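First the structure, in the form of structure tokens, and then the observations on it.
What follows is calculated from the coordinates using simple rules that are stated; it is not laboratory data. Owing to the predicted nature of the structure, the values given are computational and were not obtained by experimental measurement. Because the Cβ atoms are built from the backbone with ideal geometry, glycine has one as well, and the counts that use them run over all protein chains shown.
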Amino acid sequence: MKQNSSQKSYTIKEATIKLMQFCAYRDRSHKEVEDKLKEMRMIPAAQELIIMRLMQEDFLNEERFARSFVRGKFRIKKWGRVRIKQELKMREISSPVIRMAMTEINEEDYRETLSELAEKKLNSISEPNSFKKKKKLSDFLLRKGYEANLVFDSVNSLTD
């Protein structure tokens, strides 16, 4: 890696303050913070110190991050459980924390959101062939991350 002289170097104190602002803006995962520290070219020992301080002062909290991630992706993007879990795994969140965070989704709201999404999408599909229409709707809902059995129940109840 070529050394870039125009890149700023940070003291541990400066980096800690910068990361506190980074975490205060919105909840962050450990991976995001680690990536940011690497980007700032902090040595591993300094990264560890900074991460510990952020955790002690509650700027960095994996469970809080996971819970707010689940709420946001479900309420705003209307993602299903499958997609949310995949995204959390990509962010290197542990399985027990993922399981805990998934409790943020109320089962009744989940099924209601799925059927609203399915109805809205079905109305926007202009496909005369009913088999193709069902397939397009199913594919859309599966991409959104809903479980296959729920998708097929929903599609069948809407198109029969």
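Can you spot the lysines whose alpha carbon is less than 26 Å from K121's alpha carbon? Ignore those fewer than 8 places along the same chain. In chain and number order, the partners are K73, K77, K78, K85, K132, K133, K134, K135, K136, K144. A simple charge model with +1 on the Cβ of Lys and Arg, -1 on the Cβ of Asp and Glu and nothing else charged puts the dipole of the stretch 1-150 at about 700 debye relative to its Cα centre. Here, P(r) means the percent of Cα pairs in each 5 Å bin from 0 to the largest distance; for the stretch 62-104 it is 5, 28, 42, 22, 4.
All Cα-Cα distances of the chain, cut into 5 Å bins from zero to the largest, leave 1, 8, 16, 14, 13, 10, 9, 8, 7, 6, 5, 2, 1, 0 percent in each bin in turn.
Simple spin-label estimate for D139 and E108 gives 3.6 nm between the two label positions (7 Å along the Cα-to-Cβ direction from each Cα). Per-residue ellipticity at 222 nm from helix content only, as computed over the chain with -39500 (n - 2.57) for each DSSP H run of at least four residues, stands at -22000 deg cm²/dmol. Spacing of the modelled spin labels on D153 and D35, each 7 Å from Cα toward Cβ, amounts to 3.5 nm.
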